[in-house]
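Structure first, then comments.
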Amino acid sequence: MKKNTSNLINVDDKTFQGEKTITVSSPQKLFPSSRILKFSLFTATVLSLFLLTSVTTVAQDVNDVLRTVAANPQGEEVTISLNQYRMGRKLFNVSCGGCHAGGITKTSETVSLSAEDLAKAVPKRNNIEGLVSYMKNPTTTDGKIDISILHPSKMSQDMFTYMRRLSEEDLLAIAGYILVEIKRVGKQWGPTKK
Ligand code: HEC
């Protein structure tokens, strides 16, 4: 019985080895190209579905209700476009993110980009006009002292050279982005509340 089995195996082995030689010489047989193709198609579909969902999520998340923000302290409103929002996010991350990521102010927790702190300033900064004006000519919260030599701005773009790259439209997009984030992120935008 045992012998028989081992004989069988031997026979099988031989047959298998014979096949193996052929198989190794042509890899297509070992891993048929149609299987590779199916696998790549599957991966591509999964990947594109994933990308599509994430893009749609951003577009849905930042709908026009969220993109409607205060234009000025008088309470007029403006709806920024999705492109402006995206542009604002990019520019903010590059030019302001080092100190203001997530709406905080690294060295000055009480002068953050939170809704409350921006509303405290004179004139108010919780609107496009106030924020654009700050990026041109930043002042202390009471609006009395020019701090452009300390804070990056258009006034001090010779010192903070990366500010030179920002056009009027860019300032608007950054301001819009900050105000949308206040609405979108909620209380998490700015320093953590105790
Ligand atoms: C090098 C760090 C740094 C960078 C970069 C920076 N800021 Fe600031 N920002 C500060 C500091 C510090 C303060 C607090 C100033 C003060 O004490 O009045 C501040 C304050 C502000 C305020 C006032 C907040 C309030 O509650 O009144 C605004 C608005 C602001 N920054 C916007 C920006 C924008 C927009 C950019 C990018 C274009 C930017 N900042 C880049 C450090 C920075």
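The values are calculated or read from the model by the stated rules, or taken from the named source; none is laboratory data. For clarity, every value in this text was computed on a predicted model and none was experimentally measured. Heads up, the Cβs are rebuilt from the backbone with ideal geometry, glycines too, and the neighbour counts pull from every protein chain shown.
Among the residues of segment 144-155, those identified as more than 7 Å from the ligand (Cβ to nearest atom) and surrounded by 15 or more Cβ atoms within 10 Å (Cβ to Cβ) are Asp146, Ser148, Ser153, Lys154, Met155. If you check His100, His151 for being under 18 Å from Lys187 (Cα atoms) and in the same structural domain as Ala175 (by TED's automatic domain parsing), only one passes: His100. In segment 101-113, the count of residues that are exposed (fewer than 15 other Cβ atoms within 10 Å of the Cβ), away from the ligand (no atom under 11 Å from the Cβ) and at pLDDT 95 or above is one or more. Checking the structure you have, find out if any residue of segment 150-173 is in contact with a Ser or Thr (Cβ under 8 Å, 6 or more places away or on another chain) and of a type in the set (Asp, Glu). Checking segment 150-173: not a single residue is in contact with a Ser or Thr (Cβ under 8 Å, 6 or more places away or on another chain) and of a type in the set (Asp, Glu).
Candidates Gly190, Gly88: the one that is surrounded by 13 or more Cβ atoms within 10 Å (Cβ to Cβ), in contact (Cβ under 8 Å) with a residue 60 or more places away in the chain and part of a helix (DSSP H, G or I) is Gly88. Taken together, Thr140, Thr161 contain a single residue that is without any contact (Cβ under 8 Å) to a residue 12 or more places away in the chain and more than 9 Å from the ligand (Cβ to nearest atom), which is Thr161. Every condition in (1) charged (D, E, K, R); (2) within 11 Å of the ligand (Cβ to nearest atom); (3) out of contact with any Phe, Trp or Tyr (no Cβ under 8 Å at 6 or more places or on another chain) holds for Arg125 except the one numbered (3).
Of everything listed in (1) more than 9 Å from the ligand (Cβ to nearest atom); (2) in contact with a Gly (Cβ under 9 Å, 6 or more places away or on another chain), the single unmet condition for Ala175 is (1). In segment 160-174, is there at least one residue being closer than 24 Å to Glu116 by Cβ and touching a strand residue (DSSP E or B) at 6+ places or on another chain (Cβ under 9 Å)? Scanning segment 160-174 turns up no residue that is closer than 24 Å to Glu116 by Cβ and touching a strand residue (DSSP E or B) at 6+ places or on another chain (Cβ under 9 Å). At least 2 residues being among the hydroxyl-bearing types (Ser, Thr, Tyr) is the threshold, and among the helices (runs of 4 or more DSSP H) wholly inside segment 92-175 those reaching it are 128-136.
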